[in-house]
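The structure under discussion appears below in the form of structure tokens.
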Amino acid sequence: MGWSLPVIESMEKLGKPYVVVSFPDFEPYAQENNIPFVSYQLDEWSDSSNSLDLFEKLKAFDVDVAVPLYEETVEWAGALNSIYRGDPRVLNRAFLFRNKAMMKRKALIGGLRVGLFEEVYNKEGVKAFMKRLNQANLQLDGEEDSWVHIKPFAAAGTVGHRLLKSMADIDEKCEDGDFPCLAESHLPGREFSCEAFINKGKVRFLNITEYVHLGYSNFIPEGHYLKTKRDLILKHVQKLVDIFGIEYGMIHPEWFLTENDELNFGETACRIPGGHILELASKSWGFDALAAFVLCHDPNITEEELDEIFPDKDHWPENYHGNVMIYPQKRQFSKLEIPEELNNEPYFVEHTLVPPLSSQKLSGDRAGFGNHFGTINFKGEDPDRMTELLLHYETVDFYV
Amino acid sequence: MLETSERVFDNFEQSFKDFQEATDLTKPDKATKLASQIDILSLTRDGLTYLYQKSGALDKAGIFEGTAWNEPDKLVPYLVKGTLKVGHPSSSFEILSELRLLAYANGDYQSPRISAEDAQSFLEEVMVHNLEFALKEPTEETRNVMSERELKKSFNLFGFIVSEIDLDGVYQKLAEEIKLICAQRPIVTRKARELIRLVDERFDTSGDTKTDKQVRLYINAINAPSEGSKQHTSIEDYLVFLQNADIKTLTAEADAFGYYMNATGLVSKYHPLLLKKLVQDHPQLVPNSLDLNDRGIAEWEKFHELVSTLIMEIVSPDNCQCIYGLSRMLGKNLFSRRPVRVGLENLRKIKLNAQVEKRIIKSLIHPDVDVSALQYLLGGTIKVLGQPLGVGQGNNPTCQSARGISMWSQHAPAKLIDMIITVATQNNLVMRFENRDLTSNLLLKGLLEKLDYNLDPVSVVLVPHLDKIYNEMMKLSSGRGEDPHKWVNPLMYGQWIQLSFASCYDYLSNSILDYDGFIRVFYAAFHPSYNGGREMVYPNPVGIFITSNKGDMVGFHAISLLRIDKDKHGEVRAYFLNPNNEGRQDWGQEIKPSVHGHGEKPGESSLPINQFSARVYAFHYNHLDIKGFLQNVPASELAEVSELAKSSWGKSYFWNQQSKIW
């Protein structure tokens, strides 16, 4: 559910029957390329556009499992899978992924560490939240306020996420359109994400993605330090799976690891993560992560098929694969300039940078981190060197 | 040239494999990544060789599918340059496309879509349109729009094509190119020599066609202008030959060298040997070997001591080109000026600053071991003094500095020598700007990021300093609500520059203001039919709009307007120095400056005055002198210029028709 050429390609290669459900815009392309396609107005919910109607349309394709590729198709897939599996709770679980407050509550009940959180409806609500947080943190007069994050209940990644460091920040940074939303305390620790491939309620394969700079760069597999915590992380991910009652699919939780080896749960999604993470994972681990993503959703898949699609249990990648997304540093620029140092960089693999339109100006509005102008891919044996490179190239100006 | 490391080839192979294994769905995405590998490979020679070998396979694998390059038989040679200018990824695809056509032309691959003959003639056409890349001498427009890396890729591509392709089809075009480059009498002759060597190596020029004869003139001028140099092809052999030659033989040698040098502006490496021999043993033959006119002979006779000293001290096989400059200096009676003589004497005695010495040496490709940097600088000074219009900016954005050197060389040669001495000894320069002393060493970066060393020694020494001072003057006079050049030009170049200044661009309203009035002032000041028949005395620093061959606005450029005259057909033309190394350009609207055949002196470019005016945005004049002439200029002429301007660069501006008091 959702349009993704790489996923379609993986399905073709896998030889499994499939059908793409997406917006009518993609239909001509699908027809031209013989892609099985059901056109559906996924942003509309009405008497004529709903999961029961879609279920009927998909009967012709003998569909028995729905796979959400994007945040916006998670409920649709949940609704369909409820029907296929005869379990209404599957839909409710999908809602869990789409409401960050509900998600946190569930995690808290299950015994995961989460920050203090609350649904807020206006600026006053955020201020009251910050005040209570300050009290709990035993703030003295003159001390800085406790940091508060606000995020929309249902949005991918960093879209709409604001960090508020003071009462004044709340007035300056919050807009009426932000509400209602989730307010939560700032979680200490080192942030990273996991991609846990789940089938029959068990984590079949765990990828850990090292976040070098959220929104800019990451690499796979995890570096030296996180690797030593792999068992701890796996234990927590399995716990999350158990608490949420997830049986099939892939989740993409974000965690904060403290110095005392405590894991704080940030949030999780159950669609394809951004930042080309599955592409990097495929390269590093040597498997088709997109195909694996789809297959995990299938209750009828055999153990042999699962074993075949994932890397061997004791396999550890030879190389780290990382990427950095490039955003122009200037507001106005006319040329793409690849610095000489990049050619001579042994870790450099390839890039997808495109030249700007003539004298392009950046527009003011950027959702999340906005659209990047391309990615630079690196590959190498030393995760520390990788970290250094990714941080460095984030600051290099490719657009002048 | 840097070598491409194994890793790059491995990455390419991996990307290529990914591309081949991808279904049609993700092929475009994989092609993007593959293009980034092609981008890197095209930076080096071995990278290109590798791509050349892969080009057929890449084509077959469908790398061009869904792109403009998919049908090689429908490609247009004329469009290649535009695509290269766009930059990556277009330029990377373009380069690969040329490489596969080369492979088809050479029979290394076969295409079902295009024959070897058609591929060959396509590439010939492409070559003809892109000689600026083949010769690594980009035009102002090209340099403006292309990054250094993209330029390198294009240079590299055409270097590769030239070495791998059968050039027969472009013989005539190359011969014409040689003729027109040499007609401009550049000081830096590297480009001309490379082209002549290329033609000599790759063509049989022994025939009797007009082209053969013309090309042989240039080949002989470099390789063997005389009987003696034909028969004694090493420097050592020729020296022995000279020692034993009788006066008759030496006269013939001197006449031959003189003739070829004057006909081509190129000096052969044997010439210094002969000249030194003549100075020592037969000074009466020196004028023959320099092909001097009567004035030059008189000058030589009067100042032969100093000139002999200079010759003995400076000329050498690698430093030979200064002999032409010397002959021009003598022909212009420059030695009759005491300050010039004193200046040259002073320059001989200086001790070079170590940094300056390094810069000079860096600009030389095969320096003679026994010639010092100072000797090269002296030779360079003589070249600049002898050929003021041969000064070029090289591959640098420093047209202002080149324009200055040229102007001082013509009108203040001693001042120029003095400046050279200061910078050569101190690696520093002070100029005054409105009660402020600007010291180049204390200033931050100028326009120049990194000096391209393909320059004459004088420019290599002066330009870094002039550039910084010029830039500082521009900064100091910006924000005054008018074009800073108004104040900078007279103080940078000197009292030869008139103080009134006209610009068609109005800073306050951000528009082109009273354009007709602007051109009226220009015509009243300079057009001989309307200004009372007065000629220009000194060069005028003029700012022009650079436009593409489609007439679109590209950027700004500094040139020197030298004179306005009627050519032999009675057409009024503007003659100017374009410090860009290549006077021939295509500015769109059929506006193509010519360098030869319209009464141009060597180094001058020219255009009919209306076409020239239509690219001018600022010039200096004397407002007192134009009184009484303004009304002479007919409206019809103004309308003509205005039309050309409006439909080209003018499209990028707002036009304000209000009148302005000039």
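From B:ILE95, B:ILE114, grab the single residue that is away from chain A (no Cβ under 14 Å) and under 16 Å from B:LEU48 (Cα atoms).
B:ILE95
Among the residues in the range B:646-660, are any in contact (Cβ under 8 Å) with a residue 40 or more places away in the chain, in a loop (DSSP other than H, G, I, E, B) and closer than 30 Å to B:GLY265 by Cβ?
No, every residue in the range B:646-660 fails to be in contact (Cβ under 8 Å) with a residue 40 or more places away in the chain, in a loop (DSSP other than H, G, I, E, B) and closer than 30 Å to B:GLY265 by Cβ.
Would you mind stating whether B:ASP456 is among the acidic types (Asp, Glu) and either surrounded by 24 or more Cβ atoms within 10 Å (Cβ to Cβ) or modelled with pLDDT of 95 or more (or both)?
yes
So, restricting to strands (runs of 3 or more DSSP E) that lie completely within the range A:142-254, which ones have at least 1 residues that are aromatic (Phe, Trp, Tyr)?
Output list reads A:190-199, A:202-213, A:217-220.
Please determine, by comparing only the residues of the range A:261-281 that are of a type in the set (Gly, Ala, Ser) and assigned to a loop (DSSP other than H, G, I, E, B), which one is surrounded by the fewest Cβ atoms within 10 Å (Cβ to Cβ).
A:GLY274
How many residues does the range B:465-512 contain that are surrounded by fewer than 17 Cβ atoms within 10 Å (Cβ to Cβ) and aromatic (Phe, Trp, Tyr)?
1
Got a sec? Which helices (runs of 4 or more DSSP H) wholly within the range A:1-92 have at least 1 residues that are away from chain B (no Cβ under 14 Å)?
Result: A:27-32, A:51-59, A:74-85.
Are there helices (runs of 4 or more DSSP H) fully within the range B:26-87 with at least 3 residues that are crowded, with 19+ Cβ neighbours inside 10 Å, in contact (Cβ under 8 Å) with a residue 24 or more places away in the chain and within 14 Å of chain A (Cβ to nearest Cβ)? List them.
Counting at least 3 such residues, we get B:27-41.
State the number of residues belonging to the range A:295-323 that are surrounded by 13 or more Cβ atoms within 10 Å (Cβ to Cβ) and within 14 Å of another protein chain (Cβ to nearest Cβ).
Total meeting the criteria: 3.
Being within 13 Å of B:ILE178 (Cα to Cα) and among the basic types (Lys, Arg) is the filter; apply it to the range B:192-212 and report the residue that is surrounded by the fewest Cβ atoms within 10 Å (Cβ to Cβ).
By that ranking, first place goes to B:ARG197.
Looking only at the range B:10-25, count every residue that is farther than 25 Å from A:TYR29 by Cβ and facing another protein chain (nearest Cβ under 7 Å) and tell me the total.
So the count comes out to 1.
What are the residues in the range A:324-337 that are within 14 Å of another protein chain (Cβ to nearest Cβ) and among the charged types (D, E, K, R), if any?
Residues satisfying the conditions are A:LYS335, A:GLU337.
Here are B:ARG193, B:ARG197: which of them is within 22 Å of the chain's Cα centre (by Cα), part of a helix (DSSP H, G or I) and farther than 23 Å from B:ASN578 by Cβ?
B:ARG197
Residue by residue, here is whether (1) surrounded by 17 or more Cβ atoms within 10 Å (Cβ to Cβ); (2) out of contact with any Pro (no Cβ under 8 Å at 6 or more places or on another chain); (3) assigned to a helix (DSSP H, G or I); (4) not hydrophobic (A, V, I, L, M, F, W, C) holds:
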| site | (1), (2), (3), (4) |
| --- | --- |
| B:PHE518 | yes, yes, yes, no |
| B:ALA525 | yes, yes, yes, no |
| B:ASN531 | yes, yes, no, yes |
| B:ARG534 | no, no, no, yes |
| B:GLY543 | yes, yes, no, yes |
| B:VAL554 | yes, yes, no, no |
| B:TRP587 | yes, no, no, no |
| B:HIS596 | yes, yes, no, yes |
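Inside the range B:556-565, can you point out the residues that are surrounded by 19 or more Cβ atoms within 10 Å (Cβ to Cβ) and closer than 25 Å to B:LEU447 by Cβ?
Passing the criteria: B:HIS557, B:ALA558, B:ILE559, B:SER560, B:LEU561, B:LEU562.
In the range B:461-484, which residue that is outside any loop (DSSP other than H, G, I, E, B) and over 25 Å from the mean Cα position of the chain (by Cα) is farthest from B:TYR505 (Cα to Cα)?
Only one residue fits best here, namely B:GLU472.
Out of everything in the range B:139-176 that is touching a Lys or Arg at 6+ places or on another chain (Cβ under 6 Å) and part of a helix (DSSP H, G or I), what residue ends up being farthest from the other protein chains (Cβ to nearest Cβ)?
B:PHE155
The values are calculated or read from the model by the stated rules, or taken from the named source; none is laboratory data. The structure displayed is predicted, hence computed values, not measured ones. Glycine also receives a Cβ, built like all others from the backbone with ideal geometry; neighbour counts cover every protein chain displayed.
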